[in-house]
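Working notes, structure below.
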Amino acid sequence: MMKKPLQRSFTLMEILVYIAVLSIVITAIVSFVLWFIHSNTKTKAMRETLDNARRVMEIMTYEIKEARSIYAPTTTSTQLSLETTKYLPEGEETSFIDFYLCDYRLCLKKESRDSIALTSDSVEINNLVFTRIVSGEVPSIQIDLTIDYKNPTNRPEYQASVGLKSTVSLREY
């Protein structure tokens, strides 16, 4: 008599254990991927906000240092007007530069030119205060700036805020 070959098959218990282990592994992988996406989104929001804050602070610092004077009649706590000198072939010419808020963005207006927004559409200025400081002969401006990442849905991964404070003195006086 010939023996029948043994047939190997899975029991119900082995299949259930396999499904449970597979579920745990898939859940761990999906959790890691979701955490990575959330972390990447948060980092992008923070980087965008910080880059905008640094950029506008550098631009304002440069323009203040190069200005001839602070134009007092139009300088307020939320607007800074600077008197500058243009050097032309026929001589010097005085012009003005203004920094001010326009719809939650920081704008720069040079005389006889259209104003331009210095911040991107993805951020908004939450606080901008210019304070004139006079210590001795050199006039200075203290800039207090807070920029937030736009977050209309109020999701935590899009919450980013940068606050910068700097004091800049005029070179020419």
How big is the stretch 66-171 on each of its three principal axes, counting only the C-alpha atoms and giving the largest first in Å? 55, 33, 21
Gain upon complete extension [residue 38, residue 101; 0.36 nm per residue less C-alpha separation]: 19.5 nm
Calculated from DSSP H runs of 4 or more alone, at -39500 (n - 2.57) each and per residue, what is the 222 nm mean residue ellipticity of the chain, nearest 500? -12000 deg cm²/dmol
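Read the figures in this text as sums done on the coordinates, not as results from a lab. Computed from a predicted model, the values in this text were never measured in an experiment.
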